[in-house]
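Report on the structure given below.
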Amino acid sequence: HLFDQLPPVIEELGIEPWIERTRAHAEEDTIQFPDWMTCAPGVLYCENFDDGQAAWWNLDSGWQLAPDGTGFMLSSADQSWTTVEDHAWDDYRLRLKLLLLEGSLRVNFRLDNGLTGYFVEFSESGASLHKQDGSAVFPPVNSDSTLDYGQWYDVQIVGLGGHLQVLIDGSQELDFIH
């Protein structure tokens, strides 16, 4: 039964303290559910920052939640790191809304020990997928499209086995098989 599978998932995600706090204060009805608790079916984690919180994120200095219309966005004007806390995902899809105001943004994907994995760099020149194995960085796979500063993009990075894809606004921009 599906409910029999919940205890190991709760333990692996490390959310037991949050669940206990929620149970203890449920009658107050003032606790905001993090965005990841309201993900679509089949989605392991989602976050839109509209609640003003960066649940499960480690933000280095330089990163902040900045107002954006009626909600918030994760913002940085510095070369610094932000990561989702410990997880054990292998095959997954990362989807984000991207707004470049200047420069570029690197999104690490399947990064292991900080030296092995992939990163996608987004800049005015478009998107490029880079593979790194220790100190060796391989030539990138580059898209043919450019990105405009000041415009929002719907970005998806998909990793299934050795197949990596990058989609921007629903169009496949990069396709890599290793």
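The values are calculated or read from the model by the stated rules, or taken from the named source; none is laboratory data. Everything quoted here is computed from the prediction, not taken from an experiment. Here Cβ is always computed from backbone atoms with ideal geometry, including for glycine, and neighbour counts include all displayed protein chains. The protein model used for the area step is the full one, side chains on, heavy atoms only, and it has no ligands, DNA or RNA in it. Shrake-Rupley method; radii C 1.70, N 1.55, O 1.52, S 1.80 Å.
Just give me the residues in segment 161-178 being of a type in the set (A, V, I, L, M) and either closer than 24 Å to residue 48 by Cα or open to solvent by less than 40 Å² (accessible area, probe 1.4 Å) (or both), in sequence order. Those that are of a type in the set (A, V, I, L, M) and either closer than 24 Å to residue 48 by Cα or open to solvent by less than 40 Å² (accessible area, probe 1.4 Å) (or both): 164, 166, 167, 168, 174.
Condition check ((1) in a strand (DSSP E or B); (2) open to solvent by 30 Å² or more (accessible area, probe 1.4 Å)) across all residues:
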{"site": "93", "(1), (2)": "yes, yes"}
{"site": "102", "(1), (2)": "no, yes"}
{"site": "108", "(1), (2)": "yes, yes"}
{"site": "117", "(1), (2)": "yes, no"}
{"site": "120", "(1), (2)": "yes, no"}
{"site": "144", "(1), (2)": "no, yes"}
{"site": "147", "(1), (2)": "no, no"}
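Residue pairs whose Cβ atoms lie under 6 Å apart, sitting 6 or more positions apart in sequence or on different chains, and linking a residue in segment 129-144 that is β-branched (Val, Ile, Thr) to a partner that is open to solvent by less than 50 Å² (accessible area, probe 1.4 Å), are 141/129; 141/174; 141/176. Tell me, please, whether a residue that is in a loop (DSSP other than H, G, I, E, B), surrounded by fewer than 13 Cβ atoms within 10 Å (Cβ to Cβ) and modelled with pLDDT of 70 or more can be found in segment 60-67. There is at least one residue in segment 60-67 that is in a loop (DSSP other than H, G, I, E, B), surrounded by fewer than 13 Cβ atoms within 10 Å (Cβ to Cβ) and modelled with pLDDT of 70 or more.
Taken over segment 126-142, residues that are in a loop (DSSP other than H, G, I, E, B), in contact with a Leu (Cβ under 8 Å, 6 or more places away or on another chain) and surrounded by 12 or more Cβ atoms within 10 Å (Cβ to Cβ) amount to 1.
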